[in-house]
Amino acid sequence: MVERQLRARGLQDERVLAAMLAIPREQFVPEDERARAYTDEPLPIGFGQTISQPYMTALMAAALELTPSDNVLEVGAGSGYHAAVLGALAGRVIGIELIPELAAMARANLARTDRAGNVIVVEGDGSLGYPTAAPYDAISVAAAAEDVPPALAEQLKEGGRMVIPVGSPWEQDLLVIRKHGGRLLARAAACCRFVPLREGATHPVH
Ligand code: SAH
């Protein structure tokens, strides 16, 4: 996976490649998908949601330029896999997940793989961020938004980085954003397709 899907496509950040090697992806996918855990595709994790393609996880992690002391928010924790990868690169990761069953699954996956030390998963609407642990050095969003949710912009530190798919429900640009002088400077790094970020939801929709 690391050689063929990541390095061969130009991902050269050695810390990110090491993190991708260190986290056992098969432990984060449902049992009947384990044989496909290292294939070049997103996989279903239940409740109509998916774990991203490994390349996308690595690309997003690299774009955040994490350091070992960074405080990170991951919106849409799903299986917990992406949060685990970020946890191998940063100081602390808060994963936030709207669907309670997936939040529980992410916690169980992180505990089983011994990654729960600096990665915690909370249940809630991540389009509102997670003010309790803000501000963040980096924010990673794993679901597609029409625009950058204002709460996430606010909870990002000056100099902080955010990756977020922004666009229509069918196709998005993966934006890599940096906060500079209180403003967000964005560049589009890739074309992508994520499940929708449910915004302003008060009840989880299954
Ligand atoms: N990062 C995950 C991928 C999960 S797919 C992984 O590595 O497995 C996107 C996730 O975002 C889904 O689990 C979905 O339930 C969640 N989601 C959608 N809208 C959300 C919101 N407003 N707040 C928190 N999570 C949300």
- Note on the structure: Within the under-11-Å Cβ sphere about Asp125, not counting Asp125, Lys/Arg +1 and Asp/Glu -1 give a net charge of -2
- Which residues' amide hydrogens lie under 5 Å from the amide hydrogen of Ala77, considering only partners 5 or more residues apart or on another chain, with H built in the peptide plane? Ile96, Glu97, Leu98
- Message: Pick from Gly91, Gly167, Gly181 the residue whose mean-square fluctuation is largest in a GNM of the chain, springs joining Cα atoms under 10 Å.
- Response: Gly181
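Is it possible to state the helix-based mean residue ellipticity at 222 nm for the chain, with each DSSP H run of 4+ residues giving -39500 (n - 2.57), the sum divided by total residues, to the nearest 500 deg cm²/dmol? What is it? Working shown, then result.
On the way: 5 runs with 45 residues, N = 206.
Only helices count here, giving -6000 deg cm²/dmol.
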- Item | region 61-191 - share of DSSP beta bridges that are antiparallel (%, nearest 5) | 45
- Phi to ³J(HN,Hα) by Karplus 6.51 cos²θ - 1.76 cosθ + 1.60 over region 24-33, Hz, x for Gly, Pro: x, 4, 5, 7, 10, 10, x, 3, 6, 10
- the chain, relative contact order [Cα under 8 Å, separation at least 6], %: 16
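Readers should treat all values here as calculations from the given coordinates under stated rules, not as data from a laboratory. Predicted model, so just to flag it, every value in this text is computed and none were measured. Backbone-built Cβ (ideal geometry, glycine too); neighbour counts: all protein chains shown.
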